[in-house]
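Participant: Sharing a structure below in structure tokens format, with a few things to ask.
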Ligand code: SAH
Ligand code: SF4
Ligand code: F3S
């Protein structure tokens, strides 16, 4: 194989040699980490396979954010155990946040041979060899430096249109409910040159959208060893990435209300290729809850930021995350969340019931005292409210024109294509000879709460 092929952006499929099967759960950062893992394993002679029963190595990249995320993975481990019974010699590894949280407790599970935390992926080739020689292996050491900056992720997406670049790792905000700082370690920013190089490689490979990822992108902060090179914050990084190619869209997540600056908003406004969408998780509309969650902003501050977004970019969509049933949440607190949703009128939201995570500040100090039935009722209520708002928001788009980046065939039929507007709204329209990676102008004919049904104009 040539050098170029070995450093391929796409997976290498090689019938000979050892095969790895890789399942990913959790957030976009985990998806990108799996691409880093595949790159490291390809370097060690593994190639990707799409079926578990063809694999010599089965890996599952896991999430700990809520209990149900962990339960799903434990269910998969039962299946992997059966596969190992059928084909002894198959090696099973648990990666990611659950590996970091549960450590050697996971090794007690008979399905598991390897436990590797989010900063231990360079060690995977060694861990795999060591299993054959000496049994179960674990590496859950967290690092203050690891950003995998020099590793070119192998992209596993289907269409080659949209790709992730992690610009930082870890998190320094101790939101009291959240497990992420414990399983992902301290925040560290990645060298901007390596980010720009990765973006150039993607653009050369035909990608048309780059998603910059971090738990709190607004606290991106690069301080070079040589102070003469100058510091770079998120607004500066965004500007540099957006300048690479005006035909390539830039998105980013997640913004944190306590750190998002007007400088970022002005940078967005000055680059048409930075998408008009901000994901700004609010978590609660009640100041009592926000304080207890340690979010470090008030409802009033948050509303000021929403106002700034709409002043600086009137066409910018805003989405959010919210938690129903956090410790001590009263009917009044929850009503405050509902009223905030009515005031902001989000374009979309990810809505969750509070799930107590062992070891967090909330688990130590704040009882998980909202009854399960109340949590569920509240979650259903906010979902119903938001579905109505999403539908209204989408109805406001009907009759209007948008530029859409085509991502692939629709789920229902190959005769239809799916793409997104700059505002991150999903559009479906007749294929008419167009292809993924192309931009088309569409007119919105009708909508549901989740989709705009369009025609190409
Ligand atoms: N870094 C991002 C979010 C990371 S986790 C931020 O700060 O906003 C994604 C979402 O999961 C969070 O925004 C929150 O809404 C939800 N979440 C986190 N911990 C949770 C828990 N213990 N129970 C329920 N939802 C939780
Ligand atoms: Fe968790 Fe808060 Fe960090 Fe987001 S900012 S990952 S919610 S601790
Ligand atoms: Fe889950 Fe870890 Fe992401 S806990 S949400 S996979 S950082």
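Participant: So residue 163 clears everything in (1) over 24 Å from residue 263 (Cα atoms); (2) in contact with a helix residue (DSSP H, G or I) (Cβ under 6 Å, 6 or more places away or on another chain); (3) part of a loop (DSSP other than H, G, I, E, B) except one condition, right? Which one?
Facilitator: (3)
Participant: Of the conditions (1) farther than 20 Å from residue 389 by Cα; (2) free of Cβ contacts under 8 Å to residues at least 40 places away in the same chain; (3) outside the structural domain of residue 215 (by TED's automatic domain parsing), residue 306 clears all except one; give me its number.
Facilitator: (1)
Participant: Please tell me if residue 186 is surrounded by fewer than 18 Cβ atoms within 10 Å (Cβ to Cβ) and in the same structural domain as residue 211 (by TED's automatic domain parsing).
Facilitator: On the way: surrounded by fewer than 18 Cβ atoms within 10 Å (Cβ to Cβ): yes; in the same structural domain as residue 211 (by TED's automatic domain parsing): yes.
Considered against the rule, which asks whether it is surrounded by fewer than 18 Cβ atoms within 10 Å (Cβ to Cβ) and in the same structural domain as residue 211 (by TED's automatic domain parsing), residue 186 comes out as yes.
Participant: Look at residue 73 and say whether it is in the same structural domain as residue 48 (by TED's automatic domain parsing), in a strand (DSSP E or B), more than 16 Å from ligand 2 (Cβ to nearest atom) and within 24 Å of residue 355 (Cα to Cα). Reasoning before the result, please.
Facilitator: Numbers: in the same structural domain as residue 48 (by TED's automatic domain parsing): yes; in a strand (DSSP E or B): no; more than 16 Å from ligand 2 (Cβ to nearest atom): yes; within 24 Å of residue 355 (Cα to Cα): yes.
It is false that residue 73 is in the same structural domain as residue 48 (by TED's automatic domain parsing), in a strand (DSSP E or B), more than 16 Å from ligand 2 (Cβ to nearest atom) and within 24 Å of residue 355 (Cα to Cα).
Participant: Please enumerate the residues belonging to the stretch 166-206 that are more than 16 Å from ligand 1 (Cβ to nearest atom), more than 18 Å from residue 28 (Cα to Cα) and touching a helix residue (DSSP H, G or I) at 6+ places or on another chain (Cβ under 8 Å). Let's see the steps before the verdict.
Facilitator: Taking the stretch 166-206 first, the residues more than 16 Å from ligand 1 (Cβ to nearest atom) are 190-206.
If we keep only those that are more than 18 Å from residue 28 (Cα to Cα) too, we end up with 191-194, 196-197, 200-201, 203-206.
Correct list: 192, 196.
Participant: Can you list residue pairs whose Cβ atoms sit under 9 Å apart, with the first residue in the stretch 428-451 being on the phi > 0 side of the Ramachandran plot and touching a residue at least 40 places away in the same chain (Cβ under 8 Å) and the second being loosely packed, with under 13 Cβ neighbours inside 10 Å and assigned to a loop (DSSP other than H, G, I, E, B)? Count only pairs 6 or more apart in sequence or on different chains.
Facilitator: 437/206
Participant: I need the full set of residues from the stretch 25-55 which are closer than 18 Å to residue 152 by Cβ, under 23 Å from the mean Cα position of the chain (by Cα) and outside any helix (DSSP H, G or I), in order please.
Facilitator: Passing the criteria: only 48.
Participant: Under the condition of being assigned to a strand (DSSP E or B) and more than 28 Å from residue 440 (Cα to Cα), which residue from the stretch 181-225 is nearest to ligand 3 (Cβ to nearest atom)? Full working, then the answer.
Facilitator: Narrowing the stretch 181-225 to residues assigned to a strand (DSSP E or B): 188-189, 209-213, 221-222.
Within this subset, residues satisfying the condition of being more than 28 Å from residue 440 (Cα to Cα) are 188-189, 221-222.
Values: 188: 14, 189: 16, 221: 19, 222: 21 Å.
Once the filter is applied, the top-ranked residue is 188.
Participant: Give just the number: which of (1) touching a strand residue (DSSP E or B) at 6+ places or on another chain (Cβ under 9 Å); (2) surrounded by fewer than 20 Cβ atoms within 10 Å (Cβ to Cβ) does residue 417 not satisfy?
Facilitator: (2)
The values are calculated or read from the model by the stated rules, or taken from the named source; none is laboratory data. The structure presented is a predicted model; accordingly, all values stated were derived computationally and were not measured. Using ideal geometry, Cβ is built from the backbone for each residue, glycine included, and neighbour counts are taken over all protein chains shown.
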